[in-house]
Amino acid sequence: MSLRRLKAVTKKELLHIVRDYRSLWLAIALPLVMLLLFGYALTLDVDRIPTYVYDQDHTPESRDLINQFRGSRYFQILEAVNSYRATDRAIDKSTILLSIVVPKYYSRHLLAGEEADVQLLVDGSDSNTASIALGYADAVVQSYAAQLRSDAQVRRGGQALQVPVEPRIRVWYNSDLKSKNFIVPGLIAVTMMIIASMLSSLTIAREWENGTMEQLLSTPVRPGELVLGKLIAYFALGIVDMLISIIVGVFIFQVPFRGDVWFLFFTSCLFLFGALSWGIFLSASTRSQLMAFQLGMLSSFLPGYLLSGFIYSITNMPKVIQLISYVVPARYFVNILNGVFLKGVGTRVLWLEVVMLAVYAGLVFVGASRKMRLKVA
Amino acid sequence: MRERLLGIIQKEFRQAFREPRMRTMLFLPPLIQLFVFGFAVNLDVDHAYLAWMDGDQTYESRELLAAFQGSGRFDVVALPASDRDVQRLLDSNKADLVVRVLPGFERDLLRDRPTSVQVLINGANSNTASIVSSYASSIITSFASQVMQEQNRARLEARQAPTAVSFQGPQLKMQSRVWFNPDLRSRNYFVPGIVVNIIMLVTLMLTAMAIVREKEIGTMEQLMVTPIRPIELMLGKTLPFALVGLIDTLLVVVAALLLFHIPFRGSALLLFFCGALFLMTSLGAGLFISTISQTQQQAMMTTFMFFQPFFLLSGFAFPIRNMPEAIQILTLLNPVRYFMEIVRGLFLKGSGVDVLWPQMVALAVFGVVILTLSSLRFRKRLD
């Protein structure tokens, strides 16, 4: 390996990157757009569920019950309607997700000490929102029921009832349960995967497709130098993207950063190295850019996005998919990112992840150089 | 005209299907995407990892544990003994929640003193955390109301009037009926959305790449010296991919139904009709990208840049309702949003034209406008 030739290849590749200023611009804008979307617009947090009320009873008791829902910040009562037709239609058209129906004789049953029903009609298509909404509704009804029972005891001369066991819930790491706090750090991994699958996976395929590979082959440059040189150029781009993501995440979106900056930097480099090597490996295996891109999307971006635990938690997946996720390097990196940003943990907890990333990067780099040599020979 | 058009269509087909590897690339990635997306995209929490820290070790504390286990939603994975164990479990993601029963739990219950159960939740994934938190609190609350009834009965039997009055208290019960997706499986919601995602990505990218490829390797000049007209070239370039898009739609829908057992309640014909409407938009966008890109790499990056925001703001995973007001208004300009609503309506709700017509009109308008504008631009570029 000669340093001079390596430098030459790197310089050539950097020139390619800088000269194609639109790709460069896109490579920098893409992470920013994703960050803005996830930091500002996209959230899984459920509140203000659009709700209709259909009160068939029209008594002070039924109104009191409905007021319990009105008081909760999770429900937004849009309208009080007077028929099932209206609620059904609204659910069909997705204007509302939930309708609360208080049946006739609700207050009569309630005052007689019989079982009084409240009916909830839920649009379950978005099951995540629906189950969270049901949980909130259940909590509203249960606490109201306990209060009613206690009030009734007092009215009849008894002692107020106390709730015997109360859950005291404390949420660690992300106490206000904001989804951006875990999505924005994870985005760093996804962004790097995008760079790897869209930039580095094309670089060698393009040389083949445009016929410049033959020219390169006639120079004394060796396969290993070619791979490393190209890698270094894209590495620089990846680091810029990483810094942008971290700075925007921490300073604009106020994502907590509790760990060690240098640890994050070191592991990011490790991950980036592996991801880019994989891109080059793909690029060396196929001679068409379209195919390299397709393969890159399937093997880098898609698993990085879906099987890394970035948004969708791995424990919910079927066992087979969970096993597959062990070979997805982004999985380890997302763990590291969450650990460093939210939990403030370091090597003591995350050493295994670091080792896995190092092993992956080493294997893939060797593989890429080998592949290159085979293709060239 | 017809002859030339047929000629170019034939050429495109030959180019797309000549290479066996390319042939597979047209149809295999959509299926892989469906598979991975379908299994991975899931926001349900079925088996939360529970660490049980029992400082009381009594009958009542074990009853509470049984209530957690009996719910079927928690797997007890650890029995930590110290705070350090708890910290370690949460730090390393080995537990989603830790329930801590403090010493004296049973004693307090027997003496009618209010007590509490500590629940520590790993909030790193806020979605899992809020679901887990609502499960846990509902289990504890229903345990509490059971205890409350027992206490009341005990007091009545001991005739400790007037602390308790012989009387059945008011009872309130919530009856929920879940429509369209009674088991609340998020797969039923996501898989139809994945269909949209795949159709869009495939057609957008193939069109953009096919045209830019000719530019990049210089065969576009050769095409231009033939008597073919821009409109014919454009049709010839897009029609094959429209066909591929429709075949992919069929393939992915059938695979989704077979693989994931999701319901399809609407009309298949309507789905294809709306699919064709949507293809106008996505092919038009592909054409547009091809006019502003010089290299395949640029085309890909631009495709991705288009695709990501449109897809993320379509309501696929992140409800539009949750977005800030300004963004919600912006999504009205997003054709993918309408197609997403149509596909989900067809799969889950069995909606018909009477409900879906506004979305269909929007899709048609977008399709015609985008396709016309891109073709005009495409023609100007060629002239």
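Values in this text are rule-based calculations from the coordinates and carry no lab data. If you're wondering where the values come from, they're calculated on a predicted model, not measured in any experiment. Glycine also receives a Cβ, built like all others from the backbone with ideal geometry; neighbour counts cover every protein chain displayed.
Worth pointing out:
- The value of relative contact order for region B:48-157, using C-alpha pairs under 8 Å at least six residues apart, is 30 percent.
- Pairs of alpha carbons in region B:48-157 whose separation is greater than 22 Å (percent): 32 percent
- A dipole drawn for chain A from +1 and -1 charges on Cβ atoms has a positive end, and of A:Ser313, A:Phe182, A:Val334 the residue lying farthest that way is A:Val334.
- Convex hull volume of the C-alpha atoms in the protein assembly as shown, normalised per residue: 158 Å³.
- Coarse-grained scattering of region A:49-155 at q = 0.10, 0.18, 0.22, 0.24 Å⁻¹, given as base-10 log I(q)/I(0) from a Debye sum over alpha-carbon atoms: -0.28, -0.87, -1.23, -1.40
- Charged-residue dipole, Cβ positions (Lys, Arg, Asp, Glu), the protein assembly as shown about Cα centre, Debye nearest 20: 2220 debye
- log10 of Debye I(q)/I(0), alpha-carbon scatterers only, for region A:291-377 at 0.14, 0.26 Å⁻¹: -0.60, -1.29
- Computed label-point distance, nm, for sites A:Arg73 and B:Gln149 using a 7 Å Cα→Cβ extension: 3.4 nm
- Per-residue HN-Hα couplings for region B:320-331 [Karplus 6.51, -1.76, 1.60; θ = phi - 60°; Hz; x = Gly/Pro]: 4, 4, 7, 6, x, 3, 4, 5, 4, 5, 4, 5
- Ranked A:Asp47, B:Asp44, criterion: other C-beta atoms within 10 Å, fewest first: A:Asp47, B:Asp44
- FRET efficiency for the pair A:Leu217 and B:Asp75, taken as 1/(1 + (r/R0)^6) with r the Cβ-Cβ distance and R0 = 45 Å, rounds to 0.20.
- Karplus 3J(HN,Hα) series, Hz, for region B:251-263 with 6.51 cos²θ - 1.76 cosθ + 1.60 (x for Gly, Pro): 4, 5, 5, 4, 4, 4, 5, 6, 7, 10, 6, 8, x
- Positive dipole terminus of region A:84-239, leading residue within A:Gln119, A:Ala139, A:Tyr105 (C-beta point charges): A:Tyr105
- Dimensionless Rg ratio for chain B, taking C-alpha atoms and the 2.2 N^0.38 Å reference: 1.40
- A cut-off under 15 angstrom between Cβ atoms defines the neighbours of A:Arg149, and their net charge, with Lys, Arg +1 and Asp, Glu -1, is -1.
- Links that overshoot a 19 Å alpha carbon limit, given the list A:Lys180/A:Lys319; A:Lys104/B:Lys349; A:Lys93/B:Lys349; A:Lys178/A:Lys343; B:Lys173/B:Lys349; A:Lys7/A:Lys371: A:Lys180/A:Lys319; A:Lys104/B:Lys349; B:Lys173/B:Lys349; A:Lys7/A:Lys371
- Between A:Asp88 and A:Glu114, full extension at 0.36 nm per residue minus the direct alpha carbon distance yields a gain of 6.5 nm.
- Amide proton proximity set for B:Gly315, modelled H, under 5 Å, gap of 5+: none
- All C-alpha pair distances within region B:167-303, sorted into 10 Å bins from zero, spread as 11, 31, 24, 16, 9, 5, 3, 2, 1, 0 percent across the bins.
- Magnitude of the charge dipole for region A:1-124, about its Cα centre and with charges confined to Cβ atoms of Lys, Arg (+1) and Asp, Glu (-1), is about 1660 debye.
- For region B:191-229, there are no residues whose amide N sits under 11 Å from a probe point set 7 Å from the Cα of B:Glu3 along the beta carbon direction.
- On the beta carbon distance between B:Arg21 and A:Leu323, with R0 = 25 Å, the FRET formula returns roughly 0.35.
- What the phi angles of region B:290-301 give under the Karplus curve with 6.51, -1.76 and 1.60, with θ = phi - 60°, is a coupling list of 5, 6, 9, 10, 9, 10, 5, 4, 4, 4, 5, 4 Hz, glycine and proline written as x.
- Since only B:Phe68, B:Phe307, A:Gln215 are under comparison, the one whose Cα sits farthest along the positive direction of the charge dipole of the protein assembly as shown, derived from C-beta charges on Lys, Arg, Asp and Glu, is A:Gln215.
- Full-extension gain in nm, B:Leu259 to B:Asp183, via 0.36 nm per residue minus C-alpha separation: 25.6 nm
- Label-point separation, B:Leu251 to B:Ile32 (7 Å along Cα→Cβ), nm: 1.3 nm
- Label separation (B:Ser267 vs B:Ala158): 7.0 nm, computed from points 7 Å beyond Cα along the C-beta direction.
- Taken over region A:258-336, the percentage of Cα pairs per 10 Å bin, counting from 0 up to the bin with the maximum distance, is 17, 41, 32, 9, 0.
- Share, in percent, of DSSP beta bridges within chain A that are antiparallel, nearest 5: 25 percent
- Counting DSSP beta bridges with both ends in chain B, the antiparallel % (nearest 5): 30 percent
- Summed over qualifying helices (DSSP H, 4 residues or more, each -39500 (n - 2.57)) and divided by its residue number, chain A shows a 222 nm mean residue ellipticity of -20000 deg cm²/dmol.
- Only the Cβ atoms of Lys and Arg (+1) and of Asp and Glu (-1) were treated as charged; on that basis the dipole of chain A about its Cα centre amounts to roughly 1740 debye.
- Across region A:128-191, counting alpha-carbon atoms alone, Rg and Dmax equal 19.5, 66 Å.
- Exposure proxy ranking, count of Cβ atoms within 10 Å, fewest first, for A:Thr129, B:Thr219: B:Thr219, A:Thr129
- Relative contact order of chain B, pairs being alpha-carbon contacts under 8 Å that are 6 or more residues apart, as %: 19 percent
- With a Förster radius of 41 Å applied to the C-beta separation of A:Trp351 and B:Ala66, the computed FRET efficiency comes to 0.65.
- Label-zone membership for region B:238-279, site B:Gln10, 7 angstrom Cα→C-beta point, backbone N under 15 Å: none
- Alpha-carbon centroids, region B:235-299 and region B:1-48: separation in whole Å: 9 Å
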